[in-house]
Amino acid sequence: MDLKPFEENNSVSCRLTSQIPDVCKTEDCCLGIDEAGRGPVLGPMVYGICFCPVSKKEDLKDLKVADSKTLTEAERENLFEKLDEAISYIGWALHILSPNTISTSMLQRTKYNLNALSHDTAISLVQYALDSGVQLKEVYVDTVGPAEKYEDKLSQRFPGIQVTVRPKADSLFPVVSAASICAKVARDRVVKGWNFPEDLGEVDVNYGSGYPNDPKTKAWLLKYLDPVFGYPQFVRFSWSTAQSLLDTKAVAVHWDDDEEDGEKAAQRQNNRSMLSYFTASAGSSDHNPSHQTHRFFSERRLKSLDTL
């Protein structure tokens, strides 16, 4: 599994794929879909598919794949290697959704919630398999939201394919278990080797499980919360845990709007308007020697201008 395409720019999403086995282009195939990392406030969410000929279902079962959450990291790595080595009849594909993609999607003006994002990602992976020539006849999915509605949605989108959506599908269908393992291994590797584009020095990697209720994760969020610019891109800033910390620990900002004068409104709150940071005071010097520029600006070589 080559993660370089994602590691080169982990602020955007990325698709990784195996080779398509020739047999999958000539025989009827089954495909499983599952994800890893839906709940954590840290790191990406990874969607995975795994597919093989229907005639090879028992061979897949003999590999003893299981729900990735019931396996140790070493067991998952070992099983992924077995899946990757069975290239003659097993294929896989992954879609890594960066924390930045997740949060900006959820907070954009037209809301795009996590369920919709998950559905669209799963659909795009099934479409990728079809476009690659895989002869899909059966699709098995671990549900997101009501299983019946999701099954109807996928059946309408892919007529002629038998779609089965079930809760805990990763423990019911080996092909979904295989997809679960692929997704979990990819997420674990990405999180472990995360490249922080921000200048944070030597980063403390003791961030626990990444889940919001983990004390280690909360401590890490507090440690790396910048009072002005918020979190590094490793954090899903749309999560309520992250937003609560921003509300209580970060600097309050008043944004100007059309309804009232922003500067006056900010003054009433004993605050400053955002626009005041871009306005030079009359007679002021270009640079205040006592003022130290924040790394956000210096890293991007940004400077204040008095005139255009």
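Points worth noting:
- Backbone N under 18 Å from the GLN135 label point (7 Å along Cα→Cβ), restricted to the stretch 12-48: 20-32
- Residue-level accessible surface for THR143, protein heavy atoms, 1.4 Å, Å²: 40
- Most mobile listed residue (SER244, SER171, SER68) in the chain, GNM with C-alpha springs under 10 Å: SER244
- Residue with peak Gaussian network fluctuation, the chain [Cα springs, cutoff 10 Å], from ALA116, ALA66, ALA183: ALA116
- Tail fraction, Cα-Cα pairs, the stretch 36-170, threshold 21 Å, whole percent: 48
- Order of exposure, largest accessible area first, which applies to THR72, THR248 with probe 1.4 Å: THR248, THR72
- Here the extension length gained between GLN127 and ASP59 equals 22.0 nm, from 0.36 nm per residue of separation less the Cα-Cα distance.
- Accessible carbon and sulfur surface of the chain relative to its total accessible area, %, 1.4 Å: 49
- Label positions at LEU305 and THR143, each projected 7 Å from the Cα along the C-beta direction, are separated by 5.6 nm.
- Phi to ³J(HN,Hα) by Karplus 6.51 cos²θ - 1.76 cosθ + 1.60 over the stretch 51-64, Hz, x for Gly, Pro: 9, 7, x, 4, 5, 9, 4, 5, 4, 5, 5, 5, 6, 6
- At most 12 other Cβ within 10 Å, DSSP loop - GluC sites (Glu not before Pro), the stretch 1-96: GLU8
- Note on ALA250 and ASN206: the model spin-label points, each 7 Å out from Cα along the C-beta direction, lie 2.7 nm apart.
- Treating r as the C-beta distance of HIS294 and ARG109 and R0 as 25 Å, the FRET efficiency rounds to 0.35.
- Gaussian network model of the chain, Cα within-10 Å springs - most flexible of ILE49, ILE87, ILE33: ILE87
- With K and R counted +1 and D and E -1, the other residues having a Cβ less than 10 Å from that of GLU138 yield a net charge of +1.
- Considering only the chain, percent of DSSP beta bridges that pair antiparallel, nearest 5: 65
The values are calculated or read from the model by the stated rules, or taken from the named source; none is laboratory data. Quick caveat, the model's predicted, so the values are computed rather than measured. Here the Cβ is made from the backbone with ideal geometry for all residues, glycine too, and neighbour counts use every protein chain on show. Side chains are part of the model used for accessible areas, which takes the heavy atoms of the whole protein and leaves out ligands, DNA and RNA. Shrake-Rupley method; radii C 1.70, N 1.55, O 1.52, S 1.80 Å.
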